[in-house]
1. Within region 7-39, track down each residue that is within 27 Å of GLU177 (Cβ to Cβ) and hydrophobic (A, V, I, L, M, F, W, C).
2. Quick check: is even one residue across region 21-35 farther than 28 Å from ARG137 by Cβ and in contact with a Gly (Cβ under 9 Å, 6 or more places away or on another chain)?
3. Just checking, which of HIS18, HIS14 is in contact (Cβ under 8 Å) with a residue 40 or more places away in the chain, over 20 Å from PHE132 (Cβ atoms) and not in a loop (DSSP other than H, G, I, E, B)?
4. Out of all the residues in region 103-115, is one or more of a type in the set (A, V, I, L, M, F, W, C), over 26 Å from PRO155 (Cβ atoms) and in contact (Cβ under 8 Å) with a residue 12 or more places away in the chain?
5. In region 69-111, which residues are under 15 Å from the mean Cα position of the chain (by Cα) and closer than 21 Å to SER26 by Cα?
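What follows draws every value from the coordinates through simple rules; no lab data is involved. Since the model is a prediction, treat every value here as computed from it, not as a measurement. Counting neighbours? That spans all protein chains shown, and the Cβs are built from the backbone with ideal geometry, glycine included.
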Amino acid sequence: MSSYCAFAAGRPVHASYHDTEHGFPSQDEAVLFERLCLEIMQAGLSWEIVLRRRATMRAAFAGFVVDRVAAFGQEDQARLLADPGIIRNRLKVEAIIANARSVQGLRASHGSFASWLAAHHPMDKPGWVRLFRRTFRFTGGEIVGEFLMSLGWLPGAHATDCPVYARILALRPPWLEALATPPSAT
């Protein structure tokens, strides 16, 4: 099993995420944006901390509704940085707000965040990292890789012997479709 499959087994905080979200494809903008935000918040911390604070972060960041977060101003930033229920890192908070505005821009250029991802797929991980760095803030290699893997754009979320793997295959995640197409490096 992959290291996360083995790690999540028997750990309630991880098991639900592993079994119902990790690696499952989604086109929903709120899901995509939330996952990007959570990956950013996780940088330098454990995924367990993020999962334990997820509900509080969802409430603090207006349900990760892009237009609501994009409208956050200085008062909202101060409120977030004073909230002990979230991960209080100024650079991460600023990046999330800026990234909501970037997602709004993706709507204008591609119709949606999901359509923007699809327009660049397939691509190798270094190409994705370059693209994300040009488009979003606080998106290094680990954040981009985990984001894409967690939403089915890159393989590796589950080991082939993990029971969840077969469920994900049935959903035809983008990485599976890309096996027949050589990756580009934008």
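1. The answer is ALA8, PHE24, ALA30, VAL31, LEU32, PHE33, LEU36, CYS37, LEU38.
2. Checking region 21-35: not a single residue is farther than 28 Å from ARG137 by Cβ and in contact with a Gly (Cβ under 9 Å, 6 or more places away or on another chain).
3. Only one candidate qualifies: HIS18.
4. For region 103-115, residues of a type in the set (A, V, I, L, M, F, W, C), over 26 Å from PRO155 (Cβ atoms) and in contact (Cβ under 8 Å) with a residue 12 or more places away in the chain: absent.
5. Of everything in region 69-111, those that are under 15 Å from the mean Cα position of the chain (by Cα) and closer than 21 Å to SER26 by Cα turn out to be ILE96, ASN99, ALA100, SER102, VAL103.
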